[in-house]
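The structure appears right after this line, and notes come after that.
The values are calculated or read from the model by the stated rules, or taken from the named source; none is laboratory data. Since this is a predicted model, take the numbers as computed values, not measurements. No Cβ is skipped: glycine too gets one built from the backbone with ideal geometry, and neighbour counts run over all protein chains shown.
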Amino acid sequence: MRIVFAAMCLCGWLLVSTVSAQSMGPQHGSLLIVGGGRMGKEIAQEFVDRAGGIDSAFVLVPGANAGEDWDEKYVAKSFLARMGAKNITVLHTRDRDVANTEEFVAPLRRAKGVWIDGGRQWRLADSYLGTRTHCELFCVLARGGVIGGSSAGATIQGSYLVRGAPEGNTIMMAKGHEIGFGFMSCTAIDQHVIARKRVNDLAEVLDTYPGLLGIGIDEGTAIVVTGRRFKVIGASQVVIHDRYWPKPADQKYELLSPGDVFDLCCRRKVESPATR
């Protein structure tokens, strides 16, 4: 009961954080957040390295997809298996009661790296938000592990859930589906932003919640988040929407390129070495 209560309190905090809290990544461990599309070798290797190498224990979370059968073929097609990982567990349920069981979360207790696949992010929230599984994901980070994800697996990592409507992914704000997992506080994360001409879409969310930091990540591109900073890696760019800091009237957003480092507390690009 204490686990469930703590998760409920966490969800309440995540909703409040969309209005008033400071943007921040995990104090321990790291996030690798990919904007969808083809993931280059640099991004895949970054995830594996942050998990401690290819021999570490990995968990794959496919629940953003509509399917139910995630067998050996699914594992074999994963980038982890193609890179040579052998210790891979698939974690999947649509039943929140199951997601609250000790047996279900046991693989997360061993995991050094958790990868959340793409699809539709509301499915992940419906299955896991506020459950023991959700709490154990935070524990992976607390132990120094890494959580990564692409597309829907990127958006779910923010505190505000963008494009969470079951009716379709063109709806930016959906009542009842507005809370993400909150690995990054006070953020709304969008994906495919340049490839799908979404660069201005986060403005709608910030009109309602101006305290949020909007982070739009293009395909084949990732941010690596540790504490108060993230670094951009990959092939394209990241779009930053922010209402806190004044900008020229004709500048609606800021573009970050590979190698750029962004300070979440100051909400500014900074000159810095890697985020490690």
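Go through (1) in a helix (DSSP H, G or I); (2) without any contact (Cβ under 8 Å) to a residue 40 or more places away in the chain; (3) closer than 24 Å to Val225 by Cβ; (4) out of contact with any Lys or Arg (no Cβ under 9 Å at 6 or more places or on another chain) for Ala85 and report which single condition fails.
(1)
In this structure, is Glu178 out of contact with any Asp or Glu (no Cβ under 9 Å at 6 or more places or on another chain), farther than 14 Å from Val239 by Cβ and buried (at least 21 other Cβ atoms within 10 Å of the Cβ)?
Yes; evaluated as a whole, the condition is true for this residue.
Going by what's in this entry, would Ala66 be described as loosely packed, with under 13 Cβ neighbours inside 10 Å, without any contact (Cβ under 8 Å) to a residue 40 or more places away in the chain, under 21 Å from Val34 (Cβ atoms) and among the aliphatic types (A, V, I, L, M)?
Working: loosely packed, with under 13 Cβ neighbours inside 10 Å: yes; without any contact (Cβ under 8 Å) to a residue 40 or more places away in the chain: no; under 21 Å from Val34 (Cβ atoms): yes; among the aliphatic types (A, V, I, L, M): yes.
No; evaluated as a whole, the condition is false for this residue.
Give the stretch 233-255 a look and list any residue that's more than 18 Å from the chain's Cα centre (by Cα), closer than 27 Å to Glu46 by Cα and hydrophobic (A, V, I, L, M, F, W, C), or say none.
If the condition is that a residue be more than 18 Å from the chain's Cα centre (by Cα), closer than 27 Å to Glu46 by Cα and hydrophobic (A, V, I, L, M, F, W, C), then Ala235, Leu255 are the ones that fit.
How many residues does the stretch 131-154 contain that are closer than 21 Å to Leu80 by Cα and either among the β-branched types (Val, Ile, Thr) or within 11 Å of the chain's Cα centre (by Cα) (or both)?
Matching residues across the stretch 131-154 total 10.
Go through Thr226, Thr155, Thr133 for me and flag whichever is within 24 Å of Val114 (Cα to Cα), hydroxyl-bearing (Ser, Thr, Tyr) and without any contact (Cβ under 8 Å) to a residue 40 or more places away in the chain. Don't jump to the end; show me each part of the working.
Numbers: Thr226 fails: without any contact (Cβ under 8 Å) to a residue 40 or more places away in the chain; Thr133 fails: without any contact (Cβ under 8 Å) to a residue 40 or more places away in the chain.
Checking each option against the conditions leaves just Thr155.
Sort out which residues of the stretch 181-196 are surrounded by fewer than 24 Cβ atoms within 10 Å (Cβ to Cβ) and outside any loop (DSSP other than H, G, I, E, B), and write them in order of number.
Scanning the stretch 181-196 gives Ser185, Cys186.
Give the residues of the stretch 110-134 that are surrounded by fewer than 20 Cβ atoms within 10 Å (Cβ to Cβ) and within 12 Å of Thr89 (Cα to Cα), sorted by residue number.
Of everything in the stretch 110-134, just one residue is surrounded by fewer than 20 Cβ atoms within 10 Å (Cβ to Cβ) and within 12 Å of Thr89 (Cα to Cα), namely Arg110.
Name the one entry in Ser30, Ser56 that is among the hydroxyl-bearing types (Ser, Thr, Tyr) and over 18 Å from Phe181 (Cβ atoms).
Working: Ser30 fails: over 18 Å from Phe181 (Cβ atoms).
Just a single option satisfies the conditions, and that option is Ser56.
Among Glu68, Glu46, which is assigned to a loop (DSSP other than H, G, I, E, B) and acidic (Asp, Glu)?
Values: Glu46 fails: assigned to a loop (DSSP other than H, G, I, E, B).
Selected residue: Glu68, the only one of Glu68, Glu46 that is assigned to a loop (DSSP other than H, G, I, E, B) and acidic (Asp, Glu).
Among the listed residues Gly149, Gly144, identify the single one that is closer than 23 Å to Thr93 by Cβ, small (Gly, Ala, Ser) and modelled with pLDDT of 95 or more. Before the answer, list the steps.
Working: Gly144 fails: closer than 23 Å to Thr93 by Cβ.
The conditions single out Gly149.
Does the stretch 255-268 hold any residues that are at pLDDT below 95 and assigned to a strand (DSSP E or B), and which are they?
So in the stretch 255-268, the residues at pLDDT below 95 come out as 265-268.
Scanning the stretch 255-268 gives a single hit, Arg268.
If a residue must be assigned to a helix (DSSP H, G or I) and under 15 Å from the mean Cα position of the chain (by Cα), how many such residues does the stretch 27-43 contain?
Applying the first criterion (assigned to a helix (DSSP H, G or I)) to the stretch 27-43 yields 41-43.
Now narrow it down to the ones that are under 15 Å from the mean Cα position of the chain (by Cα): 43.
Of the residues in that region, 1 qualify.
Select, from Gly148, Gly153, the only residue that is surrounded by 24 or more Cβ atoms within 10 Å (Cβ to Cβ) and either within 24 Å of Gly211 (Cα to Cα) or acidic (Asp, Glu) (or both).
Unique residue meeting the criteria: Gly153.
Determine which single condition Lys73 fails, assuming it passes every other condition in (1) over 16 Å from Gly148 (Cα atoms); (2) surrounded by 16 or more Cβ atoms within 10 Å (Cβ to Cβ).
If we test Lys73 against (1) over 16 Å from Gly148 (Cα atoms); (2) surrounded by 16 or more Cβ atoms within 10 Å (Cβ to Cβ), just (2) comes out false.
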